[in-house]
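No value in this document is a laboratory result; all are computed from the given coordinates. Since we're looking at a predicted model, the values are computed, not measured. In this analysis, Cβ positions are derived from the backbone assuming ideal geometry, glycine residues included, and neighbour counts consider all displayed protein chains.
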Amino acid sequence: GAVVSQHPSRVICKSGTSVKIECRSLDFQATTMFWYRQFPKQSLMLMATSNEGSKATYEQGVEKDKFLINHASLTLSTLTVTSAHPEDSSFYICSARQNRGPTEAFFGQGTRLTVV
Amino acid sequence: AQTVTQSQPEMSVQEAETVTLSCTYDTSESDYYLFWYKQPPSRQMILVIRQEAYKQQNATENRFSVNFQKAAKSFSLKISDSQLGDAAMYFCVLFGNEKLTFGTGTRLTIIP
């Protein structure tokens, strides 16, 4: 199957700083990328959907100014957690789809963010 | 709104036996897909099986098969000849209206 690379896999940052997480589709063009947050032993919570070249669509309750999503190219989307706080510590996962039809989504390896 | 319900938070099965994981869903879309993904301890999401809603035939992938009951909005996963490597969290996922909606997951334990 197609490969989605997410980087970094783990990051520790200080409160108040910003962290950027990258999600790359390595062998296909991803018109749509999704960003999820997963709390321990829980399901994936959709944070936002990004389409290449347009603004991301955020789910209700997700702060747009805190979780900045950029999808500048067909192979790269980034999630920036701004002014991070300990409560932002979580596991973040991206996924990408090849086209606008309902095909499967390919997932990145996830990023464990710890804010101290 | 789309919803996916997995009523079994945990399941266990003896190695080599068969286990069925339940999933029900709700959507107003006429065109949608259903998936089962597994998430092992590595936390990498892995596609197990896919079902197109317009297909009546149940999808099968080696030891994995589904029982898709469209009218009842049910989509269960059957794992035959369970192996130790099948131990993982299993998520039932609905794709519709350009969104993926995840169930709460079922943690499957394989007993040697």
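Here are some notes:
- Surrounding net charge for B:Arg50, when Lys and Arg each add one and Asp and Glu each subtract one, Cβ distance under 12 Å: -2
- Sequence-ordered 3J(HN,Hα) estimates for region A:69-79 from the Karplus curve with 6.51, -1.76 and 1.60 and θ = phi - 60° stand at 10, 10, 10, 6, 9, 6, 10, 9, 10, 10, 10 Hz, glycine and proline given as x.
- Cβ-defined net charge surrounding A:Asp88, 15 Å radius [Lys, Arg +1; Asp, Glu -1]: +4
- For region B:54-112 and region B:1-29, distance of Cα centres in Å: 6 Å
- Residue mean of other protein chain beta carbons inside 10 Å, A:41-50: 4
- Kirkwood Rh in Å, taken over the protein assembly as shown so that all alpha-carbon pairs contribute: 18.2 Å
- Gaussian network model of chain B, springs between alpha carbon atoms under 10 Å - residue of B:Val19, B:Val66, B:Val93 with greatest fluctuation: B:Val19
- Inter-chain Cβ neighbour average for residues B:45-56, partner chain, 10 Å: 2
- Counting only other chain Cβ atoms within 10 Å of each residue's Cβ, the peptide B:103-111 averages 1.
- Lacking any other cysteine beta-carbon closer than 4.7 Å, the following Cys residues of chain A have no compatible partner: A:Cys13.
- For B:Val4, net neighbour charge (Lys/Arg +1, Asp/Glu -1) across residues whose Cβ lies under 12 Å away: +1
- For chain B, projected area of the alpha-carbon convex hull averaged over all directions, nm²: 6.5 nm²
- Highest-fluctuation residue, A:Ser89, A:Ser18, A:Ser54 considered, GNM on chain A with Cα pairs under 10 Å: A:Ser54
- Structural descriptor for chain A: relative contact order 37 percent, calculated from alpha carbon pairs under 8 angstrom and at least 6 residues apart.
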